[in-house]
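Data block below; observations after.
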Amino acid sequence: MTGPDRSEAYDDHEGEGGDRGERDGADNPSNAADPDTEGVPEEPGRPPRIPLPRASVEDGGLPLPAPADLGGTPPAPAPPVFGHAVLKSLIGAWALAACSAEEATAVEEHLGECGACADEARRLREAVGLLQRPESLDLDPGLRTRVLESCLERRPPRIPVPDWAAAYDAETARLDALLQDFGDAEWHAPVRLRWFRDEEPTTRRTTVAGVIAHLLSVDGLVAVALGLDDPLGEVPPRRPTPAARTEAYWRASHVPPTRAVRAPWREQSHNLVRTVSFTGGAGTLPIPYGDFELPLHDAMLDRAFECWVHAEDIADAVDYPYDPPSPRHLHRMIDLAARMLPTALAHRRRSGLAAPAHHRHLVAAGEPGRSLRLEIEGSGGGEWLIPLDSPAAKGSVEHEVAHVALDGVEFCRLAAGHVPPQEAAAGQVGDREAIRDVLFAAASLSRM
C-alpha cells in the first residue's frame, strides 16, 4: 500500500469521529504523534506504547513501607535466652569446643556470674587437656629427607653422603634442633641412662649435658678410626669400650658437663659425615668397640640408633615429645639389630645364659638350620629369619621353629634396653625357649 492510500484511509477514519479523535488527542498524551508509529491505528484493549509516569508514593498520602518490605536487611533477631539448667548442661560441649557461637557466648557470660559452673568448666577443660596427646613442635622427621631429596634431584651433589651414613646425619640434626633452645635448667635436668646387662636392667644417672658428652666420647671411636681428633684428647680410657670412654671423659671434666659440650659434639658429627662422604667405598673399614668391632657402614647406623635413643631420653627428661626416625632409617636400624642377633645368641650361650642346648642341631657354615621368624610391624618393618644354633648358619623357612611379632619402635626400645624382655609386647608362636633366647639376646645388644 502506498503512502497516499494510507493517508486517505486514515482521513476517512477521522472523518467518522473527528470530534472524539480531537478530544482524545488533546486529553491523552499517549496519543501524541510518534515518528515511528505515526499513522498506525491503536488496537482496542492494548496498553499504550509509552507508559504513563508513575506517581510518587509520597504524593499519595500513604505511609512509607518498612525497610524489610523493600528487600533490605532485616533486623537481627534477639539473642536466645538460656536458663541456668540449660547453660550448665552445655558446659561439657563448651569444654570440647562443640558449641555454636551463640551457645559459647551465653556459656562464657554465665561462667562470669556463676562460681559453681566456673569451677565445673575449669575441671572439664583440664580433663579435656589430659585426653589430648601433646603435639610435637618439631617438624616431621621425614621432612628433612624429602626436602634434601627434592634439592638433590635438581642439583646432585658433587660428593654425596652415602646411604649408610644418611641416618646418622639426620638423627644428629634432629637432636641438635632439640637442644638449640635449651636453657641452663634444661642442660642440667637429670637423665637416667638405661641398658640391659646379662639378666638384669641397669641404670646410670647423669644430666642432659652428660648424655651429649657420652655421645661425643663414643662417636670418637669412629672419629679415631677415620683419622680425626679424639675428643678424649690425652685422657686414656681404662678400656677401649664405649662405657670406659664415657667414664674417662666424665672423670676428666673438672666440673659437670654444661651446654658448652654441644659445640664440639656437633662439630664432630659434621666432620664424621664429611669424612665418610669423601671415603666413598670405605664402608667396610673396621671400627673397634673393645669387645667387638663393626664395619664402618654398620658403625654409622649404630651411632644413629644410639643418637635417637638418647634423644628420647633427653626429651623425656624435659617433658618434650620426640618422634621416631623416618621409616627408611628405622628399617636400616632394625635390620642391623636383626643381623647382630645370631652373634648375641652365641655369646649368651657361651656365657651360660641361654636355654639348654639339647635342641641344637649344629650345621656347617652357610647351611640352613633351626630358625626363628622375626616379624616387625609398623613403619620400617619387615621379616627376618634368625638362625638359632650358630651365627654362621643360614635362616631357613623349612626349619622354622618359632615366630615372634613386634612393633618396630617396641623392638628398637627392647634392643636399647628400655623394655625388659619379659614385658615386650610380642606375639609369640612356637618354641618358647627359642623365643625367650631371642628376646633376651635383643636386650643384650644394649649398652651405656
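The values are calculated or read from the model by the stated rules, or taken from the named source; none is laboratory data. No experiment lies behind these values; they were computed from the predicted model shown. A quick note on method: Cβ atoms are made from the backbone with ideal geometry, for glycine too, and the neighbour counts reach across all protein chains shown. Note: areas computed on protein heavy atoms with side chains; ligands, DNA, RNA excluded. Shrake-Rupley method; radii C 1.70, N 1.55, O 1.52, S 1.80 Å.
Could you look at the range 358-434 and say what percent of its accessible area is carbon and sulfur, using a 1.4 Å probe and all protein chains?
For the range 358-434, the apolar C and S fraction of the accessible surface comes to 50 percent.
Restricting to bridges with both residues inside the range 342-448, how much of the DSSP beta-bridge set is antiparallel, in percent to the nearest 5?
Given both bridge residues lie in the range 342-448, the antiparallel proportion sits at roughly 55 percent.
With charges only on Cβ, +1 for K and R and -1 for D and E, what is the dipole size of the range 176-305 about its Cα centre, in debye, rounded to 20?
Around 260 debye, computed over the range 176-305.
Could you give the length gained by full extension between GLU423 and ALA173, i.e. 0.36 nm per residue of separation minus their alpha carbon distance, to one decimal place?
Result for the pair: 86.8 nm of gain on full extension.
Quick check for you: with a 1.4 Å probe and neighbouring chains kept, what is the accessible area per residue of the range 235-356, in Å²?
With all protein chains present, the range 235-356 gives 45 Å² per residue.
Convert each backbone phi in the range 110-118 into a coupling constant with the Karplus relation 6.51 cos²θ - 1.76 cosθ + 1.60 (shift: θ = phi - 60°), then list the ³J(HN,Hα) values in order as whole Hz, x for Gly and Pro.
5, 5, x, 10, 10, x, 5, 5, 5
Among 100-111, 267-278, 301-312, how do they line up from the highest to the lowest mean number of other beta-carbon atoms within 10 Å?
By packing density, highest mean first, the sequence is 301-312, 267-278, 100-111.
I'd like to know how the range 138-282 sits against the 2.2 N^0.38 Å rule of thumb: what's its Cα Rg over that expected value?
1.17
Tally Lys and Arg at +1 and Asp and Glu at -1 over the other residues with C-beta under 13 Å from the C-beta of CYS114: what net charge comes out?
Around CYS114, the charge tally is -3.
Hey, any idea what % of the range 208-268's accessible area is carbon plus sulfur with a 1.4 Å probe?
That fraction is 56 percent.
Given Cα pairs under 8 Å that are at least 6 residues apart, what percent is the relative contact order of the range 385-448?
35 percent
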